[in-house]
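*Asks:* Quick one: the structure is below, questions incoming.
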Protein chains: 12
Amino acid sequence: MAVARVTEITSSSSVSFEDAVKQGIERASKTLRNIKSAWIQEQTVTVENGAISEYRVNMKITFVLDD
Amino acid sequence: MAVARVTEITSSSSVSFEDAVKQGIERASKTLRNIKSAWIQEQTVTVENGAISEYRVNMKITFVLDD
Amino acid sequence: MAVARVTEITSSSSVSFEDAVKQGIERASKTLRNIKSAWIQEQTVTVENGAISEYRVNMKITFVLDD
Amino acid sequence: MAVARVTEITSSSSVSFEDAVKQGIERASKTLRNIKSAWIQEQTVTVENGAISEYRVNMKITFVLDD
Amino acid sequence: MAVARVTEITSSSSVSFEDAVKQGIERASKTLRNIKSAWIQEQTVTVENGAISEYRVNMKITFVLDD
Amino acid sequence: MAVARVTEITSSSSVSFEDAVKQGIERASKTLRNIKSAWIQEQTVTVENGAISEYRVNMKITFVLDD
Amino acid sequence: MAVARVTEITSSSSVSFEDAVKQGIERASKTLRNIKSAWIQEQTVTVENGAISEYRVNMKITFVLDD
Amino acid sequence: MAVARVTEITSSSSVSFEDAVKQGIERASKTLRNIKSAWIQEQTVTVENGAISEYRVNMKITFVLDD
Amino acid sequence: MAVARVTEITSSSSVSFEDAVKQGIERASKTLRNIKSAWIQEQTVTVENGAISEYRVNMKITFVLDD
Amino acid sequence: MAVARVTEITSSSSVSFEDAVKQGIERASKTLRNIKSAWIQEQTVTVENGAISEYRVNMKITFVLDD
Amino acid sequence: MAVARVTEITSSSSVSFEDAVKQGIERASKTLRNIKSAWIQEQTVTVENGAISEYRVNMKITFVLDD
Amino acid sequence: MAVARVTEITSSSSVSFEDAVKQGIERASKTLRNIKSAWIQEQTVTVENGAISEYRVNMKITFVLDD
């Protein structure tokens, strides 16, 4: 792996933090090739009427650049 | 959302980190109205006899103040 | 608890972050006695072909020293 | 100043960051006596249609406790 | 807001920090759609002959990705 | 310990940092029940005429919430 | 710019944060030549009777050393 | 320099950290115009059979946007 | 001092923070030779019935490795 | 207090951390007028033959500049 | 790589930072098997009579545990 | 070493980061006696036409004060 870029995204899920990570990587894979890893920077939940409505993650995604 | 307060709590669960978040928000909702979000600051586990006995989260809860 | 040591490990799982925590504590328990807690420092995922192949955690494990 | 408490709030203004600080302190003064200072932790703007709609600050407010 | 990207920019103004924020968001809006917020990371001033010649901000801009 | 709150205070003493911690916890105990621990975040001294006039600590106090 | 020194100051203003930056740079220019920039590290306000009495900044000032 | 973007990359070299920085900037220059600076965020080495096989840097690259 | 290792411990005392540091270094000296220094990372107190029952420090201990 | 400078020193004592703070402020007072406060940044101990030989503090000292 | 440990060392060289990294990894390889990487945490130089006498690095070394 | 001061400088070199450290210490030695060490805080490169034109370091220099 010679040179890689790191890009930051946030994504959310009504199910769980891990589903939010999965959603984010799937969306990123539509436009970025060769994603290698993601580092979870932050985890937050949105609350409505005293209950969790959304799990949200902020993450840094690393993908290898083509030569 | 004009002015909101942020308060810090820790909560625990024998099941999972997400259940600990849920327990904390439910307990906080007993005394705080209008909770909007929670930011997970730390995640720890308590271990007994080599097995996880408790999932614990420290989080910052944001709730809107009434005018 | 008079004096405790803190050691840093990383562990992984193909299932979930919580399973990675569990795997790490089980492996550490083979050589360390009296583990009391673990603090999750970092969470990353490894990605292959646009899908998560591995959940990885970096954590600090605290264990009490015998006198 | 013997003992003081520190509480965290966020507040917003459509005008400027300094107006957001001012709004937050005025609102906090309704319920807290003896506010001495505020430390600006974060500054964010909300954007709508390419223009700033809201200036938002997160701050830590210190107020002295009565004996 | 399902998935959003976060991008980092710096921008400057000879007038004020808030004008630097405004300039940066206007420039970013030329190429990025659906900007939702910006977080001010750093504020610096450039000095020439003992006077401020430029207000500069570094900020993280969040914009929602189209599906 | 199911759910606990964390609150931030500063306190001072003319004697020592440890006395400042003690003063802060005694004052906090007047209004908070079930204090379990305090984490010392910052230590400062006030100086007058080249001599220390006050030892000051900023700390985060954790107390368990009643059910 | 071969070698530069960085010095830390705090300054205040009753008007605004930007005026506090300006006051600090003007005062520093009395004794330091060749100031090139200042990085705003912290922003606080002093509050009296529920109103802001002082805007205060802590900043790092960079100035080039003569050969 | 009115508005600049900051992008994060990692790059590697079998020779040295400075060669890794050089490789990364050369690769980035293929797609980004007007690169002005790079800030080295992290330095790591990969080890194989007790010897360093790769020097790796993570850096933030600043480039000026065309008007 | 060619190569040194750094290890993290926590230790406690019912007397003071400095006694906790002393206890930790004495315990560490039983198994580690050539301890050179310790850096205090965190200071906490345990509270029981509104009074401090334990002073606790987390520290990083540096010791030189034999050749 | 219009404009103040902040300078960083380390000082040591064979007695205690507080004595190290005191020694540092006394030494600084020989050359700096109007010292107002000191913020303790780091605390380390030097160890010789398994015993603490020196308490060392790193601190930031704030002193007011004459007009 | 299922479970890995992370250990912290400092090492030095009279030649360069990269030689200090190399020295540290060679020394660590005497007692640790399966070292995979090292992360450079800090770089310092020791100075004698106005000249650099020693390059020193603090690094975190990751090595895989045998099953 | 009883009391030492810490001062921050930045220095640059067209050759390498280590040469920048060396240049900075040599320049500092013209006005500061008894420099003991320097801690590298930041490393940046300046880029012109896609090539590195300058290696720059920001460092904290510690020097012992005469009694």
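The values are calculated or read from the model by the stated rules, or taken from the named source; none is laboratory data. All of these numbers come straight from a predicted model, not from anything done at the bench. Neighbour counts run over all protein chains shown; Cβ positions are idealised from the backbone, glycine included. Ligands, DNA and RNA are excluded from the accessible area calculation, which covers all protein heavy atoms including side chains. Shrake-Rupley method; radii C 1.70, N 1.55, O 1.52, S 1.80 Å.
*Asks:* Please go through segment K:27-67 and write out the trypsin sites (Lys or Arg not before Pro) that DSSP classes as loop and that have at most 16 other C-beta atoms within 10 Å.
*Replies:* K:Lys30, K:Arg33
*Asks:* Angle, helix A:17-29 long axis vs. longest principal axis of chain A, Cα atoms, 0 to 90°, nearest 10?
*Replies:* 40 degrees
*Asks:* Let me ask something else. Work out the mean other chain Cβ neighbour count within 10 Å for the residues of F:45-58 and drop it here as an integer.
*Replies:* 5
*Asks:* Tell me, what ³J(HN,Hα) does each residue in segment L:42-50 have, in order and in whole Hz, if you take phi through Karplus 6.51 cos²θ - 1.76 cosθ + 1.60 with θ = phi - 60° and put x for Gly and Pro?
*Replies:* 8, 10, 9, 10, 9, 10, 10, 6, x
*Asks:* Over 32 Å between Cα atoms, which of B:Lys30/F:Lys60; C:Lys60/E:Lys36; B:Lys36/J:Lys36; I:Lys60/K:Lys36; A:Lys22/C:Lys60 qualify?
*Replies:* Beyond 32 Å between Cα atoms: C:Lys60/E:Lys36; B:Lys36/J:Lys36.
*Asks:* If you look at just the Cα atoms of the protein assembly as shown, how large are its Rg and its Dmax in Å?
*Replies:* Over the protein assembly as shown's Cα set, Rg and Dmax evaluate to 26.2, 69 Å.
*Asks:* Related question: Could you give the accessible area per residue of segment K:4-64, probe 1.4 Å, as a whole number in Å²?
*Replies:* With all protein chains present, segment K:4-64 gives 41 Å² per residue.
*Asks:* Just to be sure I understand: if you take the accessible area of chain G alone plus chain D alone and subtract the pair, with a 1.4 Å probe, what total do you get in Å², rounded to 100?
*Replies:* Between G and D, the summed buried area is about 1000 Å².
*Asks:* By per-residue mean of other Cβ atoms within 10 Å, what is the highest-first order of I:3-12, D:11-20?
*Replies:* The packing order, highest mean first, is I:3-12, D:11-20.
*Asks:* Per residue of A:18-31, how many C-beta atoms from partner chains lie within 10 Å of its own C-beta, taken as a mean?
*Replies:* 4
*Asks:* In chain H, which residue puts its Cβ closest to the axis that turns chain H onto chain F, and how many whole Å away is it?
*Replies:* Residue nearest the H-to-F axis, with distance in whole Å: H:Gln41, 13.
*Asks:* Which one of D:Ile52, D:Ile40, D:Ile25 has the biggest mean-square fluctuation once chain D is modelled by GNM with Cα springs under 10 Å?
*Replies:* D:Ile52
*Asks:* With contacts defined as alpha carbon pairs under 8 Å and 6 or more residues apart, what's the relative contact order of chain E in percent?
*Replies:* 46 percent
*Asks:* Viscosity 0.890 mPa s, temperature 25 °C: what is the translational diffusion coefficient of chain J from Stokes-Einstein with a Kirkwood Rh over Cα pairs, rounded to a whole number of µm²/s?
*Replies:* Translational D for this selection: 195 µm²/s.
*Asks:* On to the next question. First compute the accessible area of segment D:4-59 with a 1.4 Å probe, then give the percent of it belonging to carbon and sulfur atoms.
*Replies:* Carbon and sulfur atoms account for 43 percent of the accessible area of segment D:4-59.
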